[in-house]
Amino acid sequence: MKKRKGQALIELALLFPILMILLSGVVEFGIFLNQYLSIMDAARNAARFASDGLYYESDNVSDCETTRDFYRQTVCLVNSELRQERPYIQMNDNATPNNFLDDYLDPIRGDDIVVSAFSVSDQQIKARFPDNDGWSYASDLGVGSGTPSRFTNADVVALIHEANAPRTGYVLVEIYYHYDQLLKLPWITAFVPDPALLYTYAFMPLSSAEPTATPIPTPEP
């Protein structure tokens, strides 16, 4: 009996480190997945909000309460969505650590939000706004040149190929977010970078970007 107990203790001692490694990996991955889903939901809700907007509206107002700028309003909604996940989502506290209501994704960390609008006709991109790289939140804040869109026009055409719409518009919201590992255990950081870049996007119809049909000239009476 004593021999069996001793054998069980040895087996437990040998297996315990492996079990701890597996358990810590599950915990870290669970937190990682939760943050990724939060980022994904923010992108979808922002794109859904932007789909009713006017892509050509612009101003130099940075205040989310008063700006009518299409791109800033979209970014403001992303930040508003992610504030609800604080403190799990890493954000800049805007020098007010006790107030989450003005926090925002921090481009200094490499985080960014990129918004693009497209006019599509006959399964081809007729126009892209504001340019091929998209409107970058980091660039708007003056943090470098911003992060370019990962989507080329060919990528967008591939996404809408099955829609078979003769004329339509689309809005694309992309979020770049750096996930800081919570446990920071060496057997995880050895294989997964810390911070790890999370990327997600949402693609929604945008009626205001729909290209207008060329008017047929009216013959002179």
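The values are calculated or read from the model by the stated rules, or taken from the named source; none is laboratory data. Since this is a predicted model, take the numbers as computed values, not measurements. Note: ideal-geometry Cβ built from the backbone for every residue, glycine included; neighbour counts use all protein chains shown.
Quick notes on this one:
- Residue within segment 38-54 that is touching a Leu at 6+ places or on another chain (Cβ under 7 Å), assigned to a helix (DSSP H, G or I), more than 14 Å from Tyr176 (Cβ to Cβ) and not small (Gly, Ala, Ser) present: yes
- Some residue of segment 12-34 being closer than 20 Å to Val173 by Cβ, in contact with a strand residue (DSSP E or B) (Cβ under 7 Å, 6 or more places away or on another chain) and not aliphatic (A, V, I, L, M): no
- Segment 121-138, residues that are more than 14 Å from Val157 (Cα to Cα), in a strand (DSSP E or B) and not polar (S, T, N, Q): Phe129, Trp135
- Set Arg48, Arg72: member being at pLDDT 95 or above, surrounded by 17 or more Cβ atoms within 10 Å (Cβ to Cβ) and basic (Lys, Arg): Arg72
- Members of segment 161-193 that are touching a strand residue (DSSP E or B) at 6+ places or on another chain (Cβ under 6 Å), within 26 Å of Leu54 (Cβ to Cβ) and of a type outside the set (D, E, K, R): Thr168, Gly169, Tyr170, Val171, Leu172, Val173, Ile175, Tyr176
- Condition check for Ile108: crowded, with 16+ Cβ neighbours inside 10 Å, at pLDDT 90 or above, within 22 Å of Pro195 (Cα to Cα) and not aromatic (Phe, Trp, Tyr): no
- Note on segment 184-195: among residues that are surrounded by 14 or more Cβ atoms within 10 Å (Cβ to Cβ) and either of a type in the set (A, V, I, L, M, F, W, C) or in contact with a Gly (Cβ under 9 Å, 6 or more places away or on another chain) (or both), the one that is nearest to Val26 (Cα to Cα) is Ile188.
- Taken over segment 55-68, the residue count meeting the criterion of being within 18 Å of Ser207 (Cβ to Cβ) and under 21 Å from the mean Cα position of the chain (by Cα) is 1.
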